[in-house]
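Reading through the C-alpha cells given below for one structure.
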Amino acid sequence: MVMAPSPDKHYRARILERRDLSPDLWTVRIDPGGPFEFRAGQYATLGVEHEGRRIERAYSIVSSPYEDALEFFVELVPHGNLTPDLFRLNTGDTLLCRKIAKGRFTLDLRSGRTKHLLVSTVTGIAPFVSYVRTLYRDWKSGDSPMPGDHKLYSLQGASRSWEFGYREELERYSSDTPWFKYVPTVSRPWEDLDWKGETGRVDDLLRKYAYEWRLRPEETTAYLCGHPVMVENARGILERAGWKKDAVFEEIYFQEAKSGSAGAG
Ligand SMILES: Cc1cc2nc3c(=O)[nH]c(=O)nc-3n(C[C@H](O)[C@H](O)[C@H](O)COP(=O)(O)OP(=O)(O)OC[C@H]3O[C@@H](n4cnc5c(N)ncnc54)[C@H](O)[C@@H]3O)c2cc1C
C-alpha cells in the first residue's frame with residue numbers, strides 16, 4: 001500500500017534494539033512513540049516514508065502486552081517493497097507504526113477447548129511467543145487465574161536451527177512450566193550438521209506430535225502461522241484427523257508469488 005502518511009493514524013516509532021540472526025532474519029524492539037494497546041497474538045502495521053509517501057505491512061507482535069517495548073521478528077524479502085527498507089534501519093532510527101493493533105489470532109479462551117496446538121514456520125512463531133510470555137508472567141505473578149487448565153504445544157519449523165529466533169527462551173519456558181511444550185524442527189539438517197533435534201517439515205510432524213501429546217480434536221484448538229504452503233498442508237492434515245474448521249485458526253503471512261516460492265520450515 002503506498003499513500004501519504006497521516007499523523008492521526010501513525011506514530012513515529014524508534015528502534016531501541018536490533019538482533020541479527022542470519023543474513024535475512026532479525027528481531028527488533030521499538031518504542032512505538034505513544035500509547036499502544038494490544039492483545040497477545042495481534043499484529044502492528046509498520047512502515048516507512050519515502051518522499052512523503054508511505055509503504056506499510058502487517059507484523060505480528062512478539063512481545064507481551066506487559067512489556068513497554070514492542071518486539072518483532074522479521075524476514076527480509078530481497079525484492080519486497082518494505083523489508084529492504086526495514087532491514088536498513090538500526091538502533092535510534094525511526095519508522096511508522098499505526099496507532100491501532102489489529103487481528104483476531106488471539107488465544108481461544110471461549111470454546112472450552114483447553115489445549116492449544118501452535119504450529120509455525122520461522123517468523124510465524126511471533127504471536128506464540130507473545131502468548132507464552134503473557135501466560136508465563138500471569139503464572140509467575142500468582143494472582144492471575146491464567147493459564148488455569150490451558151496447555152500450549154508449539155511446533156516450529158525452519159530450514160536451519162539459527163532461524164528459530166526464540167528457541168532458548170521457549171525451551172526455558174518449556175522446562176520451567178507444566179503447561180508449555182516446544183519442539184523446533186529443521187528441514188535442511190544437511191546444512192546444519194550440529195543440529196541434534198527433530199528434523200523434517202512441521203506439517204510432516206503434525207500427526208506424530210498430535211499423537212505423542214495426546215491432542216484430540218474436541219479439546220484442542222490449532223493455530224497455524226506463517227508460510228502459506230505450511231498452513232494449507234497443516235489444515236488438510238488436521239481436518240482429515242477430525243479437527244472441525246472452527247477449531248483451526250490461521251494467520252497467513254503472504255500469498256505465494258506465481259513464479260515460485262521460498263521454502264520455509
Ligand atoms: C497478519 C500478518 C502478520 C505478519 N507478520 C509477520 C512477521 O511477524 N514477520 C514477517 O517477517 N512478516 C510478517 N508478515 C508478512 C509481512 O506483512 C510482509 O508481507 C513481508 O514482510 C514482506 O513485505 P515486503 O513489502 O518486503 O514484500 P512484498 O512487496 O509484500 O512482497 C513481494 C513478493 O514476495 C512474496 N513474499 C512476501 N513475504 C514473503 C516471505 N516471507 N517469504 C517468501 N516470499 C514472500 C510475496 O508473495 C510477493 O510476491 C505478516 C503478514 C500478515 C498478513
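The values are calculated or read from the model by the stated rules, or taken from the named source; none is laboratory data. For clarity, every value in this text was computed on a predicted model and none was experimentally measured. FYI the Cβ positions are ideal-geometry reconstructions off the backbone, even for glycines, and counts take in every protein chain you see.
Things worth noting here:
- Tally, over the stretch 97-140, of residues that are away from the ligand (no atom under 13 Å from the Cβ) and part of a helix (DSSP H, G or I): 10
- For first residues located in the stretch 116-145 and on the phi < 0 side of the Ramachandran plot and not assigned by TED's automatic domain parsing to the domain that holds Thr185, partners that are within 10 Å of the ligand (Cβ to nearest atom) and at pLDDT below 95 and lie 6+ apart or on another chain with Cβ distances below 8 Å do not occur.
- For the stretch 54-96, a tally of residues being away from the ligand (no atom under 14 Å from the Cβ) and either charged (D, E, K, R) or without any contact (Cβ under 8 Å) to a residue 40 or more places away in the chain (or both) returns 3.
- Top-ranked residue in the stretch 111-147 [being hydrophobic (A, V, I, L, M, F, W, C) and either touching a Ser or Thr at 6+ places or on another chain (Cβ under 6 Å) or modelled with pLDDT under 95 (or both); ranked as nearest to Gly165 (Cα to Cα)]: Ala126
- Filter result for the condition that a residue is closer than 27 Å to Ser120 by Cα and either polar (S, T, N, Q) or part of a loop (DSSP other than H, G, I, E, B) (or both), over Glu71, Glu67: Glu67
- Any hit, the stretch 109-122, residues being more than 19 Å from Pro32 (Cα to Cα), under 15 Å from the mean Cα position of the chain (by Cα) and basic (Lys, Arg): no
- Comparison of Gly80, Gly124, Gly112, Gly92 shows that the only residue that is within 25 Å of Arg214 (Cα to Cα) and surrounded by fewer than 16 Cβ atoms within 10 Å (Cβ to Cβ) is Gly112.
- The residues of the stretch 192-202 that are farther than 15 Å from Glu212 by Cβ and either in contact with a Ser or Thr (Cβ under 7 Å, 6 or more places away or on another chain) or surrounded by 14 or more Cβ atoms within 10 Å (Cβ to Cβ) (or both), listed by number, are Asp192, Trp195, Thr199, Arg201.
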